[in-house]
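Structure, as structure tokens:
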Amino acid sequence: MDKLEMRHTLLAAKARKQLTWEEIGKSIGMSPVWVASACYGMNSATPDAAKKICQVLDAEPDVAAALEAFPTKAWDEAIPQDPLIYRLYEVVGVYGETLKDVIQEKFGDGIMSAIDFSMEVDKVEDPKGDRVLLTLNGKFLPYKAW
């Protein structure tokens with residue numbers, strides 16, 4: 001089974017069981033964001049995590065093997081059409097250079113890791129309309145001179 005077939009299988013099982021990523025994450029002791037990313041095929045799972053995901057979603061062993069497989073982290077390079085994804089794309093387009101500049105002023109010349117990384121999505125209730133709070137937490141990796 002490849003990552004795309006795995007993704008379809010797991011998303012169908014999630015819908016059939018009417019589970020949220022939060023529920024799945026809690027049941028296996030992992031972040032719901034990471035679990036969703038693994039199920040979408042963008043991260044590989046440890047054998048233990050793959051087994052737990054498959055148990056929660058009643059998936060076959062071949063799905064666990066696909067979860068464990070190392071992914072090719074590629075995505076459509078066209079401008080996204082989904083409004084939520086487009087807004088994230090827009091945030092990076094509008095604020096990317098600003099974030100780079102501010103990060104490098106604070107840390108020096110380098111990048112934020114997307115490997116040594118975690119992310120949280122939280123809901124902040126507000127009388128003017130609920131807010132989405134995204135926390136991106138990546139290790140700073142300085143560029144080296146040699």
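The values are calculated or read from the model by the stated rules, or taken from the named source; none is laboratory data. On a predicted model such as this, the values are computed, not experimentally measured, just so you know. Methodologically, a virtual Cβ is constructed for each residue, glycine included, from the backbone with ideal geometry; neighbour enumeration extends over all protein chains shown.
Contact map, the stretch 3-22: residues that are assigned to a helix (DSSP H, G or I) paired with residues that are surrounded by fewer than 14 Cβ atoms within 10 Å (Cβ to Cβ) and polar (S, T, N, Q), Cβ distance under 9 Å, separation 6+ or inter-chain. Pairs shown: K3/T72; K14/T20. Residue pairs whose Cβ atoms lie under 6 Å apart, separated by 6 or more positions or on different chains, with the first residue in the stretch 84-110 and in contact (Cβ under 8 Å) with a residue 12 or more places away in the chain and closer than 17 Å to K144 by Cα and the second loosely packed, with under 10 Cβ neighbours inside 10 Å and among the hydroxyl-bearing types (S, T, Y), are D109/Y143; G110/Y143.
Candidates G29, G93, G41, G110: the one that is in contact with a strand residue (DSSP E or B) (Cβ under 6 Å, 6 or more places away or on another chain) and either among the small types (G, A, S) or modelled with pLDDT under 95 (or both) is G110. Exactly one residue among A45, A59, A38 is under 15 Å from the mean Cα position of the chain (by Cα) and assigned to a loop (DSSP other than H, G, I, E, B), and that residue is A45.
Restricting the search to the stretch 87-131, which residues are of a type in the set (A, V, I, L, M, F, W, C), more than 17 Å from S31 (Cα to Cα) and assigned to a strand (DSSP E or B)? Write out each step before concluding.
Going through the stretch 87-131, the residues of a type in the set (A, V, I, L, M, F, W, C) turn out to be 88, 91-92, 94, 99, 102-103, 107, 111-112, 114-115, 117, 119, 121, 124.
When the remaining residues are screened for being more than 17 Å from S31 (Cα to Cα), the result is 88, 91-92, 94, 99, 102-103, 107, 111-112, 124.
Once the filter is applied, which keeps residues that are of a type in the set (A, V, I, L, M, F, W, C), more than 17 Å from S31 (Cα to Cα) and assigned to a strand (DSSP E or B), the stretch 87-131 yields I111, M112, V124.
Any idea which residue in the stretch 51-92 is farthest from T20 (Cα to Cα), counting only those that are surrounded by 10 or more Cβ atoms within 10 Å (Cβ to Cβ) and acidic (D, E)? Once the filter is applied, the top-ranked residue is E90.
I'd like the full set of residues that are buried (at least 17 other Cβ atoms within 10 Å of the Cβ) and more than 16 Å from the chain's Cα centre (by Cα), limited to the stretch 12-27. Answer for the stretch 12-27, where residues must be buried (at least 17 other Cβ atoms within 10 Å of the Cβ) and more than 16 Å from the chain's Cα centre (by Cα): A13, K14.
Go through the stretch 23-35 and report how many residues are hydroxyl-bearing (S, T, Y) and outside any helix (DSSP H, G or I).
To start, the set of residues in the stretch 23-35 that are hydroxyl-bearing (S, T, Y) comprises 27, 31.
Now drop any that are not outside any helix (DSSP H, G or I), which leaves 31.
Residues flagged as hydroxyl-bearing (S, T, Y) and outside any helix (DSSP H, G or I) within the stretch 23-35 amount to 1.
In the stretch 1-22 there is no residue matching the filter, namely being of a type in the set (G, A, S) and within 30 Å of F140 (Cβ to Cβ). The conditions of being more than 30 Å from A12 (Cβ to Cβ), at pLDDT 90 or above and touching an Asp or Glu at 6+ places or on another chain (Cβ under 8 Å) are not met by K123. The set of residues in the stretch 93-132 being surrounded by 10 or more Cβ atoms within 10 Å (Cβ to Cβ) and within 20 Å of W34 (Cα to Cα) consists of M112, S113, A114, D116, F117, S118, M119, E120, V121, V132.
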